[in-house]
Amino acid sequence: MPISIDEQIQLLSRRCERILNEEDLRRKLLSSAKTGKPLRIKFGMDPTAPDVTLGHAVPLTVIRQFQEFGHKAVLIIGDYTARVGDPSGRNATRPVLSGEQIDANAKTYLAQVGKILLTDPGHLEVRWNGEWLGAMNLIDLIKLASRKSVAQMLDRDTFKERFQSGGDIRIHEFLYPLLQGWDSVVIDADVEMGGSDQLFNNLVGREFQKEEGQDPQVVIVTPLLVGTDGKMKMSKSKGNYVAVTDPPSGSDGMFGKIMKLPDPLLESYYTLLTDLPPEEFKPAIQANPRDAKAKLAKTLIAWLHDAASADAAEAEFVKTTHGGVPDKMVEMNPMGDAVESLAAILVIAKLVASKSEAYRKIDEGAVKIDGKKITNLQLAVTYSTESDADLRNKKKIHQLGEIHRLTKPAVIQLGNRKFVRIMR
């Protein structure tokens, strides 16, 4: 049974920080219901990183709701605007990626958004803004730039903050909101979705449409999802992200990342990323944050993978945090029949970033071999049966102390969540 316009707006509002304006949205929804013509819901993604994160999933989930109401998502891959660089949320000029990096990242996006959006032609249209922006000449660009004053551009928070602090603002950065706004004119958007840091850009599109005689788009912005560090906006560059394609389990899996969330983030994650009612999740968070995190992790994995993977991820997490080891882990042979320092193996296995970090983790008692804690900073590991003296001479490692001999595939563990099996 179709739901009413009021019910649609109520459902959409759960994840919306602002709707500009609700009267226009209601009018457009009513018109669509009468004419049978679906609304065009614009969402732009600049391929500046290869991963679509849970931060992107917030506006994408609202777009999925629009699709289920019968409307069409218009996904704009910003292959052209990515070469300019959007300064949203940044207090410094954003580095511009090479064309090769942008193209490589863009290729991954469609498969990833398919985890959230309906992708059949009736519900999704994919466009690349290089189609029209790449065809503009210098006169076209100057005419577009003439539509906004410097004073108007400095109203944007990120520019204003930099200007007031004496930071650099490069001229090309002013072009980004204009190019994004022109995208809305070209595709004749009815609604534009984005994070709250996109409000200025989206309103530029609304203004351009008015000037071009189009029915201006409704602008809907969603809150920015705070990353797993509990401080900054979720971002791959900050390393505080969960990707929609992250594996359910493992050292970099969804379950483990969600279990590390700071407790204060739980309510916003439940609100923005699930459909569970507040009267269900708020008491659960209050009563037992750890159990609430486990339920959140399973809910997200079931959504982005499947229910069986969610159950398996929970079982593995319980196993590894109670002294067990996962059934599946990275397997490698970093030494053959030679000898290698444990610190070097930790680096080779990418359990740590450097030998200094390896020494620190060993000293902290965070490293185990087959469940036994290792505290010897100079420990070496080998499968060889040669004498210690012969091995030291071959490897030219005379400073090593004890040489630990392995007789079967050994599991080296860092903390509770990182494992590697050392094969012969």
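The values are calculated or read from the model by the stated rules, or taken from the named source; none is laboratory data. This is a predicted model, so every value here is computed, not measured. Methodologically, a virtual Cβ is constructed for each residue, glycine included, from the backbone with ideal geometry; neighbour enumeration extends over all protein chains shown.
Overview of results
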| quantity | calculated |
| --- | --- |
| Given (1) surrounded by 15 or more Cβ atoms within 10 Å (Cβ to Cβ); (2) farther than 29 Å from Ala349 by Cα, index of the condition Glu280 fails | (1) |
| Tally, over the range 246-272, of residues that are under 26 Å from Phe419 (Cα atoms), buried (at least 16 other Cβ atoms within 10 Å of the Cβ) and not aliphatic (A, V, I, L, M) | 10 |
| Given (1) touching a Ser or Thr at 6+ places or on another chain (Cβ under 9 Å); (2) in a helix (DSSP H, G or I), number of the condition Lys282 does not satisfy | (1) |
| Boolean, Ala358 is surrounded by fewer than 19 Cβ atoms within 10 Å (Cβ to Cβ) and on the phi < 0 side of the Ramachandran plot | no |
| Members of the range 81-120 found to be at pLDDT 85 or above and either assigned to a loop (DSSP other than H, G, I, E, B) or not assigned by TED's automatic domain parsing to the domain that holds Met153 (or both), listed by number | Gly114, Lys115, Ile116, Leu117, Leu118, Thr119, Asp120 |
| Those helices (runs of 4 or more DSSP H) lying entirely in the range 128-169 with at least 2 residues aromatic (Phe, Trp, Tyr) | 157-165 |
| The range 414-423: number of residues that are at pLDDT below 80 and either under 16 Å from Glu357 (Cα atoms) or outside the structural domain of Arg360 (by TED's automatic domain parsing) (or both) | 1 |
| So Asp51, is it touching a helix residue (DSSP H, G or I) at 6+ places or on another chain (Cβ under 9 Å), of a type in the set (Asp, Glu), farther than 17 Å from Pro223 by Cα and in contact (Cβ under 8 Å) with a residue 60 or more places away in the chain | yes |
| Filter result for the condition that a residue is in contact with a helix residue (DSSP H, G or I) (Cβ under 6 Å, 6 or more places away or on another chain), at pLDDT below 95 and not charged (D, E, K, R), over Val150, Val204, Val185 | Val204 |
| Only listed residue being in contact (Cβ under 8 Å) with a residue 60 or more places away in the chain, among the small types (Gly, Ala, Ser), surrounded by 12 or more Cβ atoms within 10 Å (Cβ to Cβ) and within 22 Å of Tyr241 (Cβ to Cβ), chosen from Ala302, Ala310, Ala297 | Ala310 |
| For Leu276: the one exception among (1) outside any loop (DSSP other than H, G, I, E, B); (2) out of contact with any strand residue (DSSP E or B) (no Cβ under 8 Å at 6 or more places or on another chain); (3) not assigned by TED's automatic domain parsing to the domain that holds Ile412 | (1) |
| The range 356-372 residues that are assigned by TED's automatic domain parsing to the domain that holds Leu342, paired with ones that are of a type in the set (Lys, Arg) (beta carbon under 6 Å, 6 or more apart) | Gly365/Lys373; Val367/Lys361 |
| Condition met for Met232 (within 25 Å of Asp157 (Cβ to Cβ) and not assigned by TED's automatic domain parsing to the domain that holds Ser184) | yes |
| Filtered residue count, the range 21-39, keeping only those that are closer than 18 Å to Gln214 by Cβ and part of a helix (DSSP H, G or I) | 9 |
| Residue under evaluation Ala82, criteria (1) more than 20 Å from the chain's Cα centre (by Cα); (2) among the aliphatic types (A, V, I, L, M); (3) surrounded by 16 or more Cβ atoms within 10 Å (Cβ to Cβ), criterion not met | (1) |
| Unmet requirement for Lys231, which otherwise passes all of (1) without any contact (Cβ under 8 Å) to a residue 24 or more places away in the chain; (2) part of a helix (DSSP H, G or I) | (2) |
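Per-residue answers, yes or no, for (1) at pLDDT below 95; (2) polar (S, T, N, Q); (3) over 20 Å from the mean Cα position of the chain (by Cα):
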position: Thr245; (1), (2), (3): yes, yes, no
position: Gly253; (1), (2), (3): yes, no, no
position: Gly256; (1), (2), (3): yes, no, no
position: Thr274; (1), (2), (3): no, yes, no
position: Gly323; (1), (2), (3): yes, no, yes
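Here's the yes/no breakdown for (1) in contact with a strand residue (DSSP E or B) (Cβ under 7 Å, 6 or more places away or on another chain); (2) surrounded by 15 or more Cβ atoms within 10 Å (Cβ to Cβ); (3) at pLDDT 95 or above:
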| site | (1), (2), (3) |
| --- | --- |
| Ser4 | no, no, no |
| Phe43 | yes, yes, yes |
| Val58 | yes, yes, yes |
| Gln65 | no, yes, yes |
